[in-house]
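Written below as structure tokens is the structure these notes are about.
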Amino acid sequence: MAFMHEPRPVTSARLVVSLVLVWAGSWSPGVEAADPLPARRSSRLEKTTAERSETASRLRELYRGPPAGWPAATVDPGVEWRELGLLPLVEHPESNPPNEAKTALGRLLFHDPRLSASGQLACVSCHDPARGWANGRAVSQPGQGMPARNAPTIRNAVWQSALFWDGRAATLERQVEESLTNPTEMAADPDHVVALLSQCADYRVLFAKAFAGRAIDFAGVVDALASFQRTVVGGRSRFDDFLRGDASALADAELLGLDLFRRDARCL
């Protein structure tokens, strides 16, 4: 008589593992595991250091000049894409034309905590240039009634058409006004801000220069801060220099990576 093994109980853990293995196609009762799928081979053969240097020199000539003259990018059919390029010029609304005095005034206001109801919170408190013009926190002001969100960076915000995490502001002027007056942010009272700034001789002089003799008002505070934010832009990297025609701005490995990004890797 054949020896009968006592059946082993099927625990929930064993059942889950079995189901996962069956689903993955790598195991089934009485069947050996299939060989793993072969690794996807790169379409580019591995090169020696000398070959990579030679390839980089050739690519440096191909990528010399504006992107319109670069090798054609590889993009899957039906994919909407845009070629890499420099950031566009900053545009200012007709209602808030720029001038140096207005930008300087906006920079000063940006660092002034007196704009807030507490007198302790400035714009720079949540948009610190040392932290990428954000604040590096999971929540902007924990424990102060703030929403459970962090402060998005204002860097390059000039090109955004929807500001705040919920996209409710379409312009920097609107974003500034809401940040100043929101009771869970700076909670500023416009009349109090104007009265406070009007007591400062330096602010009176700066406002007169920025707004052609106009007295201090809250609309001017908003416009000056928005004008300053339009100067917080990128475009100063080595890649920007490369896009402007400096073929030596990228190292060989970076240039090889750029070509891989645009073509074989289909990252665009």
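Any read-out appearing in this document is the output of simple, stated calculations on the displayed coordinates, not a laboratory observation. It should be emphasised that the depicted structure is a prediction, and the values quoted were computed from it without experimental measurement. Here Cβ is always computed from backbone atoms with ideal geometry, including for glycine, and neighbour counts include all displayed protein chains.
Among 186-194, 65-73, 174-182, how do they line up from the highest to the lowest mean number of other beta-carbon atoms within 10 Å?
Values: 186-194: 16.4, 65-73: 11.7, 174-182: 19.4.
By packing density, highest mean first, the sequence is 174-182, 186-194, 65-73.
Say a paramagnetic label sat at a point 7 Å from the Cα of N99, along Cα to Cβ; which residues of segment 213-230 have their backbone N under 13 Å from it?
Answer for segment 213-230: 213-215, 224.
List the GluC sites (Glu not before Pro) within segment 65-158 that fall in a DSSP loop (any state other than H, G, I, E or B) and whose Cβ has at most 10 other Cβ atoms within 10 Å. Write down the numbers at each step before the final one.
Working: sites: E80, E83, E91, E94, E100; in loops: E80, E83, E91, E94.
Answer in residue order: E80, E91, E94.
Amide H to amide H under 5 Å from D128: which residues, 5+ apart in sequence or cross-chain, H placed 1.01 Å off N in plane?
W133, A134, N135
Relative to a virtual label point 7 Å from the Cα of R82 in the Cα→beta-carbon direction, which members of segment 160-201 show backbone nitrogen distances below 14 Å?
160-162
Run the simple label-point estimate for K209 and A247 please: 7 Å along Cα→C-beta, distance reported in nm.
Reported label-point gap for K209 and A247 is 4.6 nm.
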